[in-house]
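Have a look at the structure below, then the notes.
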Amino acid sequence: MALRQNSDKEPSIELFIKAGHDGENVGNCPFCQRLFMVLWLKGVKFTVTTVDMRKKPAELKDLAPGTNPPFLLYNGTLKTDFIKIEEFLEQTIAPPRYPHLSPLNKESFDVGADIFAKFSAFIKNSPNNAFHEKNLLREFKRLDDYLNSPLPEEIDHNSRETITVSKRNFLDGDRLTLADCNLLPKLHVIRVAAKKYCDFDIPAQFTGVWRYLQNAYEREEFKETCPADIEIEKAYFTVANKRK
């Protein structure tokens, strides 16, 4: 499957991501979605190719031997390691033509750093996972507190009005940044897999988290890059069945 984004010519970019169980559509891979979102937000022209991991085409074995998606071809040069690819894209596809996506606040990157690891422990140990659920909820609480706390740039020190609860759309303000590209794909996996196999819903009391997710699902850069729920459910089927 190939998908194209608009813009003028310029660099030749092809992103290779994991294919779904049908061998064609987008598969479950938060790191693949992370780079997909970055390129979309940059507004640069690029092509996406899904790779069926069960029968990796011979040409891809020659292109990137021993490498699993995501990987990138930039003007014919192979780039691997999603973190290094993201750093390369941020430095190379840059102003004045393309936007920088780095968040202004370091904590926007840090706040969700442990949530996926806590989810992994939670789903692997269900149903006897009260301890792991507590840890997961603690991370959601930390994220919720951050999303509901006004950022420095939201506070007008010349205004008499005191802002106590943030109204921003995303982690670092009202624009999607690299921090969101990192966290949102993981939150999508957690929402789907935890509900399917643990009957766990993100608690409604976490109003900041739900505001964040609802705003994100309204953005095509996120919604259109998400794998179908069934892809996530299939990906975690084996994990769920190994539980005692």
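Since every read-out is calculated from the coordinates, none of them should be taken as a lab result. Being a predicted model, the structure only gives us computed values, none of them experimental. Cβ atoms come from the backbone with ideal geometry, glycine included; neighbour counts cover every protein chain shown.
What helices does the chain hold that run 20 Å or longer along their axis, going by alpha-carbon atoms, with a Kyte-Doolittle average of -1.0 or more, using DSSP H for the helix calls? Once both thresholds are applied, what remains is 178-198.
Using a 4.7 Å Cβ-Cβ cutoff, the cysteines of the chain lacking any partner cysteine are Cys181, Cys198, Cys226. Principal axis analysis of the Cα atoms in the stretch 123-193 yields extents of 52, 23, 14 Å, listed in decreasing size. For the chain, the alpha carbon positions stretch 60, 54, 25 Å along the principal axes, listed from largest to smallest. Straight-line reach from Lys55: taking Cα to Cα under 20 Å and skipping same-chain neighbours fewer than 8 places apart, the lysines in range are Lys18, Lys234. Taking GluC sites (Glu not before Pro) across the stretch 183-244, the ones in a DSSP loop with at most 16 further Cβ atoms lying within 10 angstrom of their Cβ are Glu218, Glu224. Over the stretch 1-123, the Kirkwood radius and the radius of gyration, each from Cα atoms, give a ratio Rg/Rh of 0.99. When only alpha carbons of the stretch 47-113 are considered, Rg and Dmax amount to 15.2, 44 Å. Summing charges over neighbours of Lys195, with a neighbour being any other residue whose Cβ is under 13 Å away from its Cβ, gives -2 when K and R count +1 and D and E count -1. Under the criterion of Cα pairs below 8 Å and six or more residues apart, the relative contact order for the chain equals 22 percent.
What is the local net charge at Asn25, summed over the other residues whose Cβ is closer than 13 Å to its Cβ (Lys, Arg +1; Asp, Glu -1)? Can you show the working numbers first?
Values: positive: Lys18, Lys234; negative: Asp22, Glu24, Asp52, Glu224, Asp229, Glu231.
Once positives and negatives cancel, what remains is -4.
Taking the chain as a Gaussian network of alpha-carbon nodes connected by springs under 10 Å, the highest mean-square fluctuation of the residues Ile83, Ile202, Ile17 belongs to Ile83.
Output needed for the stretch 100-156: three equivalent-ellipsoid semi-axes, defined as square roots of 5 times the C-alpha gyration tensor eigenvalues, in descending order, whole Å.
Each semi-axis is √(5λ); the values are 29, 13, 5 Å.
With a cut-off of 12 Å between beta carbons, the residues surrounding Leu89 carry a summed charge of +1, where Lys and Arg count +1 and Asp and Glu -1.
Across the stretch 170-244 the C-alpha pair distances fall into 5 Å bins from zero in the proportions 3, 14, 24, 23, 17, 11, 5, 2, 0 percent.
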